[in-house]
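One structure is given below, encoded as structure tokens.
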Ligand code: DAH
């Protein structure tokens, strides 16, 4: 057989083998066997000296043409295998499958209530102020008219720190800070934040939240206090809410009041339908129709004196527990739920 005929046979052989190849790997191995440095085509080329000198250029040209043709064929085959694989994985792709949704966080219910309280009061013109949780005795007690060793301090089980500071037991020290900073009336501030007491049971947590309010100006009276609180609680709980002021005592207000609001569960009636056609005592207000909601009063002249304000100033202050408001607003009966960070609970409060 002439070399040219062998060249054609080799070409036919590879073409047939490529057609039969079942995979890209098989096709790749044929590349080595036929077109590699020790492949069949190279073997034929090495026999070039067997040919008469004048036939060699024609053979070389033919061999190169065959090599190019086979290379192209091989690439085509490989491309076809790749397309098959791609198609197969595409057919496994189901565009109707639901995607993986990113999990979204939500605000803590206490944050939601706190922000709502601040929004309502900011709209009335109260400015939000912030201050330290580790307080001095002066701001937390002394300037608020709790003298040293006075039994009024017993009402606030205090966590003392080593360096003479204490964890603030209420947000009321922010009244002192705001007045010292402003130096003179008018002052209209609210101070939301964490407070701390040595207390722990089903209804007390050693850390809880309060919002303090303070308005100092000329001619401020209890009626202004009542107007602001009525607006706040109606915005929070609905337009039917009514308030009741009961005389009380706080060292830093005179007179002092405890503010009750009509029960949001039984709407002030003290009883609810028992589901069997009768009535039962409302468990939330224990049948009284009223809920104790916050402490307030007219700023005591002793507090004005402590911050260098004129004794002729008038002002009201109030302080409320955010947890209590959130529990009533959302119908939560266990305070500890706020602090356990159970996502099943937290995830239910989406604005
Ligand atoms: N600081 C008081 C407490 O934690 C609450 C309070 C009562 C705040 C009367 C006030 C107020 O501003 O006027 O028990």
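Residues that are touching a residue at least 24 places away in the same chain (Cβ under 8 Å) and closer than 19 Å to residue 20 by Cβ within the range 50-84 comprise 69, 70, 71, 73, 74, 77, 78, 81, 82, listed in sequence order.
Restricting the first member to the range 1-27 and to residues that are in the same structural domain as residue 49 (by TED's automatic domain parsing), and the second to residues that are assigned to a loop (DSSP other than H, G, I, E, B), the beta-carbon pairs closer than 6 Å and six or more apart or on different chains are 27/21. Restricting the range 94-144 to residues that are closer than 13 Å to residue 191 by Cβ and in a loop (DSSP other than H, G, I, E, B), which is farthest from the chain's Cα centre (by Cα)? Checking each candidate, the answer is 126. Residue count for the range 254-264 satisfying the condition of being touching a residue at least 40 places away in the same chain (Cβ under 8 Å) and in a loop (DSSP other than H, G, I, E, B): 1. So, of the residues in the range 311-330 that are touching a residue at least 40 places away in the same chain (Cβ under 8 Å) and away from the ligand (no atom under 16 Å from the Cβ), which turns out to be surrounded by the most Cβ atoms within 10 Å (Cβ to Cβ)? Among residues in the range 311-330 that are touching a residue at least 40 places away in the same chain (Cβ under 8 Å) and away from the ligand (no atom under 16 Å from the Cβ), the one surrounded by the most Cβ atoms within 10 Å (Cβ to Cβ) is 326. Scanning the range 271-286 for residues that are surrounded by 13 or more Cβ atoms within 10 Å (Cβ to Cβ) and either under 38 Å from the mean Cα position of the chain (by Cα) or within 16 Å of the ligand (Cβ to nearest atom) (or both) yields 272, 282, 284, 285. Applying the selection to the range 291-310, what residues are assigned to a strand (DSSP E or B) and surrounded by fewer than 19 Cβ atoms within 10 Å (Cβ to Cβ)? Passing the criteria: only 292. Criterion applied to 244, 182 was being surrounded by 15 or more Cβ atoms within 10 Å (Cβ to Cβ) and more than 16 Å from residue 304 (Cβ to Cβ), and the one residue passing it is 244.
The values are calculated or read from the model by the stated rules, or taken from the named source; none is laboratory data. Predicted model only: the values in this text are computed from it and were never measured. With ideal geometry, Cβ positions are generated from the backbone for all residues, glycine too; neighbour counts draw on all protein chains shown.
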